[in-house]
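Notes follow once the structure below has been shown.
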Amino acid sequence: METNKNIEETTENAGEDLSSFASGIKTEDVPAAPTEGDAAAESEVASDFVLDDRIEERCPGMFEAKREDVQYGEFTHDVYYSETCGMERGYSILLPAGYSEEKKYPVLYLLHGIFGDEYSFSGDGSNKIKEIVGNMAADGLIEETIVVCPNMFAATDPAQKPGFDSVSVLPYDNFINDLINDLMPYIEGKYSVLTGRENTYLAGFSMGGRETIFITLKRPELFGYVCAISAAPGVVPGKDNFMTHEGQMQESEMKFADGATEPEVFIICCGTKDSVVGTFPKQYHELLETNGAAHIWYEINGADHDNNAIKSGLFNLFKQIAYDKAE
Ligand code: FER
């Protein structure tokens, strides 16, 4: 899967491996070598990390590496009943090691890409989610945090399948209802979680990034800290190699409602070599800027539609959370 053209061909061949859409193109299981003079290069030295509000293009090695002295959480899987979909649906959940009902934890809802499901992130160790969350908590930068990975394809017909056409993507746009009316109340009832926007985070990759933007603009009062990584087209009308997008909203509507509570942090990011969504994330940034919606935009030099972008987005989201809460 190297080019858009190849991807287009794969979608016509049911049974082909579509997993790189769901959770990013796999990356080497070693931290990316920083280029000379790169700010990230200096932060590779473990003791050097400084908590400021600057974006670091690459997740520093000290946060993605497994450490001997840190206990990491493990993903487990369970189901909830979705009124929105009229059926039971699965989710994966990463509880911190030593999770206890005596404590309360903030929650990150993390949304996968197209053709994915609740196993897309939990099944790919090279996204380093467990390590990034565990290390940053172990270093006292963030609170121990629960990560919930839902199935974002919120279809009401169990036989419906995702695809690159306007009907087949509708269940993804319906996820806002499942998340807010079914999954979040379920998670808040079942686990020992801190509630409220300060303690509720939203992030997503690609199709999950698109829905992250949509949900954030529609319900900004619910999520204090947000990151849309390599967001897929379709928030606004447009056309790419895969399909024509009607748009979830018009360009002029890509903003927060007047007087709305806005997220403390709203990151939009993408790799400069993204072979799947190209410059659509940059277009979102430009529209948000034009329309006066505050956000942070950055590009990950050299990253494709891959785990380097995912690790970067998650690290920077948590770094911004750490900085904000330390203030
Ligand atoms: C599209 C291009 C990319 C699109 C979705 C994607 C629905 C999603 C890619 C991914 O999730 O990896 O035109 O339309």
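Worth a mention:
- Relative packing of 113-122, 156-165, 288-297, which averages over residues the other C-beta atoms within 10 Å, highest first: 113-122, 288-297, 156-165
- Apportionment of accessible area to carbon and sulfur, the range 67-209, percent (1.4 Å): 48
- Magnitude of the charge dipole, the chain, Cβ model with Lys/Arg +1 and Asp/Glu -1, debye to 20: 380
- Overall form of the range 219-258 per C-alpha gyration tensor (a/c, 1.5; a/b vs b/c): oblate
- Here Lys130 is the anchor, and the aspartates and glutamates within straight C-alpha reach of less than 15 Å, apart from those fewer than 8 places off in the same chain, are Asp29, Glu64, Glu68, Asp69, Glu74, Asp139, Glu143, Glu144.
- Of every Cα-Cα pair in the chain, the percent that sits beyond 35 Å: 14
- Beta bridge orientation in the chain: antiparallel %, DSSP, nearest 5: 40
- Point-charge dipole on Cβ atoms (K/R +1, D/E -1) for the range 101-142, about Cα centre, debye to 20: 120
- In angstrom, the C-alpha Rg and Dmax of the range 64-138 are 14.0, 44.
- Mean ellipticity per residue at 222 nm, deg cm²/dmol - from DSSP H runs of n ≥ 4 across the chain, formula -39500 (n - 2.57): -7500 deg cm²/dmol
- Highest-first packing order for the peptide set 179-189, 52-62 is 52-62, 179-189, based on the mean count of other beta carbon atoms within 10 Å.
- Apportionment of accessible area to carbon and sulfur, the range 238-296, percent (1.4 Å): 44
- Heavy-atom surface of the chain, accessible at 1.4 Å and reported per residue (Å²): 42
The values are calculated or read from the model by the stated rules, or taken from the named source; none is laboratory data. These numbers were taken from a predicted model, which means no experiment stands behind them. Cβ sites come from the backbone with ideal geometry, for glycine too, and all protein chains shown count toward neighbours. Accessible surface is based on the protein model in full, side chains and every heavy atom, while ligands, DNA and RNA are left aside. Shrake-Rupley method; radii C 1.70, N 1.55, O 1.52, S 1.80 Å.
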